[in-house]
Amino acid sequence: MLHGWAVLLVFQLVGEVLTRAAGWPIPGPVVGMALLLAALQVRFPETEGLRTVSSGLLSHLSILFVPAGVGVMLHAPRLAAEWPAVAVSLLVSTAAGIAVTGWVADRLSRGREEAES
């Protein structure tokens, strides 16, 4: 299990170093998890410890939303003052996300149909 924690923390560290060195506006842990995903896709040796640690973290994923909720409550007056812009951006981004997801799914399913025939 300690090996699993070490793998996660090393990938987070590498992500932090990359984002700070490159000056990217992306959180280091996000880059680290993307690198871990890429490593697992190319058959990085997955251990039972990594699986155990990951499952444990995922079972408590809701705790990670607490800081976001606190941030919303902290900025509630600003959100109340700018609610039309927030509402429009939420609606547009949701519609765009659904549209892009549908388009990608359509393209992928067409590719499979052509490959099967």
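Scan the stretch 33-41 and tell me whether some residue there is part of a loop (DSSP other than H, G, I, E, B), surrounded by 13 or more Cβ atoms within 10 Å (Cβ to Cβ) and of a type outside the set (Gly, Ala, Ser). There is no residue in the stretch 33-41 that is part of a loop (DSSP other than H, G, I, E, B), surrounded by 13 or more Cβ atoms within 10 Å (Cβ to Cβ) and of a type outside the set (Gly, Ala, Ser). Each residue in the stretch 1-31 was checked for being part of a helix (DSSP H, G or I) and touching a residue at least 24 places away in the same chain (Cβ under 8 Å), and 7 of them qualify.
Taking the numbered list (1) touching a helix residue (DSSP H, G or I) at 6+ places or on another chain (Cβ under 9 Å); (2) more than 19 Å from Met1 (Cβ to Cβ) in turn, Leu50 passes all entries but (2).
Given the condition out of contact with any strand residue (DSSP E or B) (no Cβ under 6 Å at 6 or more places or on another chain), surrounded by 12 or more Cβ atoms within 10 Å (Cβ to Cβ) and among the charged types (D, E, K, R), answer yes or no: does some residue in the stretch 10-23 qualify?
yes
Identification of helices (runs of 4 or more DSSP H) wholly contained in the stretch 44-117 with 1 or more residues that are among the basic types (Lys, Arg) and surrounded by 10 or more Cβ atoms within 10 Å (Cβ to Cβ) yields 48-59, 76-81, 83-116.
Each reported figure results from applying straightforward, stated rules to the coordinates on display, with no laboratory input. What you are looking at is a predicted structure, and each value in this text was computed from that prediction instead of being measured. Using ideal geometry, Cβ is built from the backbone for each residue, glycine included, and neighbour counts are taken over all protein chains shown.
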